[in-house]
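Scroll down for the structure; my scribbles are underneath it.
The values are calculated or read from the model by the stated rules, or taken from the named source; none is laboratory data. The structure displayed is predicted, hence computed values, not measured ones. Here the Cβ positions follow ideal geometry from the backbone for every residue, glycine too, while neighbour counts run over all protein chains shown.
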Amino acid sequence: MSPKKSGGALGKGLDALIKRDEPETTETRGKPGVKKSVKESKTPNVKAKKDHDPTIQAVLIEVHKNPRISLWSARSAAVLRFLKKTKPEFSISKEASVLIEAAVADKYPDIWRLFQDQDF
């Protein structure tokens, strides 16, 4: 018995709500009514470096699959939501990215440099 993907939506977030077309195969290519789709790459575009250790490679692959992080800070959330409601075109995600990148680069400069040349 071959393993099947679960059809349930639990744990899939927004992906569960978005229906995606199946990639075109040799059997469906050129047939009427079959939509073409672009197949997503399953491996990151990691710059080949001889000095990449397995931990860095694993991190890059994981980040390619899911670049999001979660954090809990009620006060920060309140400030950012206030700005969202009072400042036109304000983006919580963009602001949070700028702030956390600056803080992480400042606190962990040696590790930050390990990933500096990567295209994310």
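Mind listing whichever residues of the range 82-120 are of a type in the set (A, V, I, L, M, F, W, C) and outside any helix (DSSP H, G or I)?
Narrowing the range 82-120 to residues of a type in the set (A, V, I, L, M, F, W, C): 82-83, 90, 92, 96, 98-100, 102-105, 111-112, 114-115, 120.
Answer for the range 82-120, where residues must be of a type in the set (A, V, I, L, M, F, W, C) and outside any helix (DSSP H, G or I): PHE90, PHE115, PHE120.
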### Task
State whether one or more residues within the range 74-88 are of a type in the set (Val, Ile, Thr) and in contact (Cβ under 8 Å) with a residue 12 or more places away in the chain.
no
#### Entry: Only one of ALA103, ALA9 that is modelled with pLDDT of 50 or more and at negative phi
ALA103
